[in-house]
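A short write-up of the structure that comes next.
Read-outs throughout are calculated quantities, based only on the coordinates presented, and are distinct from any laboratory measurement. Everything quoted here is computed from the prediction, not taken from an experiment. Neighbour counts run over all protein chains shown; Cβ positions are idealised from the backbone, glycine included.
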Amino acid sequence: MTKRLTLSAMLVVLAILLLYLLSCAGSFLVVDDPQHSDVIVVLEGSGDTPGYDRAVNLHREGYGARVLLDASVNGEIFGRTEVELAREFVDRSGQRSTEICPTVGNSLFAEAADVQRCLQRIGASSAILMTSDFETRRTLSIFRKRLPQYRWSVAAASTPYHSAEAYWKHRGWAKTVLQEWEEFLWWKLFDQWRSDVVLH
């Protein structure tokens, strides 16, 4: 009888712990802590316009002297590259503090090399990474590991804590959280230990 009660109590505790961990699964992935830096880097897929808009607002608040907008040179949309479309968008917006950072990498891991070239060109030593909310923790970890010679911080491109804390209420959010956890764990368990992980 005592063993049954003990086992039941342990199962209840484990169930409560599991529910708690599941409830934090979304918010754990989100890091929104921009620090004053030389530049704000808007990564590809960082919420598109919301990501760029927040980067511009951070620039106006004095968080970075300029904004770098990543845009791919690969592929075309109606005969124009993403770089060309990005330049046209920036020109229309009148944001003279924004420069385009051409990218050729097709993954976040490879994009770090493209960002490094842009940072070297302007002589920056610190940067805020602007990316989609659920990708912030993994992105910050990747860039700190790949490019340790720079000081990195990160900002979430969208309002993170509403969707992150209640991700199970929306199928799309839940799917995104699951996918991001898979990519985050793969990075922490395997990719970060690769011999070519650090860029100089």
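Computed quantities for the displayed model
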| quantity | calculated |
| --- | --- |
| Whole-number D in µm²/s for region 25-193 (Stokes-Einstein; Kirkwood sum over Cα pairs; 37 °C, 0.692 mPa s) | 202 µm²/s |
| DSSP-defined antiparallel bridges as percent of all bridges, region 49-191, nearest 5 | 10 percent |
| Length released on extending from A25 to W168, taking residue separation times 0.36 nm less the Cα-Cα span | 50.5 nm |
| Cysteines not pairable in the chain (beta carbon separation under 4.7 Å absent) | C24 |
| Potential lengthening between V104 and R194 on full extension [0.36 nm per residue; Cα-Cα distance subtracted] | 30.3 nm |
| Principal-axis tilt of helix 82-93 within the chain, Cα atoms, nearest 10 degrees | 80 degrees |
| 222 nm mean residue ellipticity, helices alone, for the chain (DSSP H n ≥ 4; -39,500 (n - 2.57); rounded to 500) | -16000 deg cm²/dmol |
| Fully extended contour minus Cα-Cα distance, from W186 to M10, at 0.36 nm per residue | 60.3 nm |
| Dipole magnitude (debye, nearest 20) for region 25-193, charges at Cβ of Lys, Arg, Asp, Glu | 320 debye |
| Nonlocal amide H pairs with S126, under 5 Å, H built at 1.01 Å | D38, V39, R151 |
| Interchain or long-range residues, amide H under 5 Å from L69's placed H | V42, E99, I100, C101 |
